[in-house]
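Worksheet: one structure, shown below.
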Amino acid sequence: MPQTESPGIEAGPQPGPEREERPRPRPRQEDASAPRARWWTELPLIIVVYAAYSAGRLIVRGDVPGAVDHGLAILRIEKFLHINAEHPLNRLFTDHAWLGVPADFWYASLHYVVTPAILVWMFRAHAEQYRMVRTWLMTSTFLGLIGFTLLPTCPPRLLHPAHGFVDTMAQYSSYGWWGGEASAPRGMGGMTNQYAAMPSLHVGWALWCGVMLWRYGRTRTLKVAGVAYPLLTTIVVMGTANHYLLDALAGVAVMGVGLLLAGPVMRVAAMLRAALVARLAPVLAAARGGGSPVVSGGCQTSAGERIPRQRETRHGPGAEPGAAPADAGDGAAAPAR
């Protein structure tokens, strides 16, 4: 019979089901089979990419007339569309040193400081996403090199003064380490390509840094910096007359294409890595000493032998280490006395 509660006795609160703790979502990994990136492989890779970036900028340095024509064509397009924001910004930086000098320092320094710093931060703090974001940055950089090669472009500061631009890097060169030729240190201007303006990788790399700070930064300050850094960099490259607005937009476009290609590039790299490992596997196995060791030119000992063809017997006192040769057996005769 079903039991009923006694009258006058109130039923106490029934214990409810325990609250189940929802498992926290684990960070998405790129590929469970992919080995984690190591600094001793990443550092040479980054050096190679930066060397290719620097060398690629020098490929078209001799095509000055074509670069000037491309720069003037970009300027005409911007004037037609009324988006030539370089002129008012350049006048502002030229007339006010308190704006122009920090802008020159920004242009000459942060491009080469902030990007590596964020790469290191991603490597250490966000290892699961590092390989993807590193591939995105490097793929976009190579796309930028293609742009430098196919479309050498004269920056606004190197156009004839009649076009209304002032080279702030030359105007304020006494404040910094750079000379009158781009952001290169004094005396090294001949080692850089001043006509690699399209696309602007200053803006492209700044956009990548901003996305990293916004996406993976855990504080409001980092997220604000993620928005401010690419925007201020865009203003700086135009105000210092190093890039046109269309150069900046092209830098954004290159980063977008690089993001789309990062996944396929990683898959191709994984296939190449697997093929290389499969090809080198026999060599590595042989180097690690695979197979049976060879002793005395083909004379091999087997289990239970002290020297070739002299087996131990495990019966009787002759099996002890101090046994005489006569007790060893297997055809070994004792010497005659």
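Among the residues of region 113-132, is any within 21 Å of Leu245 (Cα to Cα) and under 17 Å from the mean Cα position of the chain (by Cα)?
no
Can you find even one residue in region 207-225 that is among the hydroxyl-bearing types (Ser, Thr, Tyr) and more than 25 Å from the chain's Cα centre (by Cα)?
no
Kindly list the number of the only condition in (1) in contact with an Asp or Glu (Cβ under 8 Å, 6 or more places away or on another chain); (2) assigned to a helix (DSSP H, G or I) that fails for Phe165.
Condition (2) is where Phe165 drops out.
Which ones in region 139-169 are open to solvent by 50 Å² or more (accessible area, probe 1.4 Å) and small (Gly, Ala, Ser)?
Ala162
Residues are listed down the side, and each one gets a yes or a no for (1) in contact (Cβ under 8 Å) with a residue 12 or more places away in the chain; (2) under 30 Å from Val101 (Cβ atoms); (3) open to solvent by 40 Å² or more (accessible area, probe 1.4 Å):
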residue	(1), (2), (3)
Thr240	yes, yes, no
Leu261	yes, no, yes
Ala275	no, no, yes
Pro282	no, no, yes
Arg288	no, no, yes
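Select from region 123-139 the residues that are more than 13 Å from Met212 (Cα to Cα) and among the β-branched types (Val, Ile, Thr) and list them in ascending order.
Thr135, Thr139 - these are the residues of region 123-139 that are more than 13 Å from Met212 (Cα to Cα) and among the β-branched types (Val, Ile, Thr).
Within region 191-238, can you find the residues that are over 22 Å from Gly144 (Cα atoms), aliphatic (A, V, I, L, M) and in contact (Cβ under 8 Å) with a residue 24 or more places away in the chain?
Leu213
Test of understanding: among Trp136, Trp121, which residue is hydrophobic (A, V, I, L, M, F, W, C), modelled with pLDDT of 90 or more, buried (at least 20 other Cβ atoms within 10 Å of the Cβ) and out of contact with any strand residue (DSSP E or B) (no Cβ under 7 Å at 6 or more places or on another chain)?
Every option except Trp136 fails the conditions.
Six or more apart or on different chains, Cβ under 9 Å: which pairs go from a residue in region 124-139 that's aromatic (Phe, Trp, Tyr) to one that's open to solvent by less than 20 Å² (accessible area, probe 1.4 Å) and at pLDDT below 90? Could you list them?
Qualifying pairs under 9 Å: Tyr130/Ala37; Tyr130/Glu42.
Hey, can you tell me all the residues within region 173-206 that are modelled with pLDDT of 90 or more and more than 21 Å from the chain's Cα centre (by Cα)?
Listed by number, the list holds a single entry, Met198.
The values are calculated or read from the model by the stated rules, or taken from the named source; none is laboratory data. These numbers were taken from a predicted model, which means no experiment stands behind them. Here the Cβ is made from the backbone with ideal geometry for all residues, glycine too, and neighbour counts use every protein chain on show. Areas reflect the complete protein model, heavy atoms only, side chains present, ligands, DNA and RNA absent. Shrake-Rupley method; radii C 1.70, N 1.55, O 1.52, S 1.80 Å.
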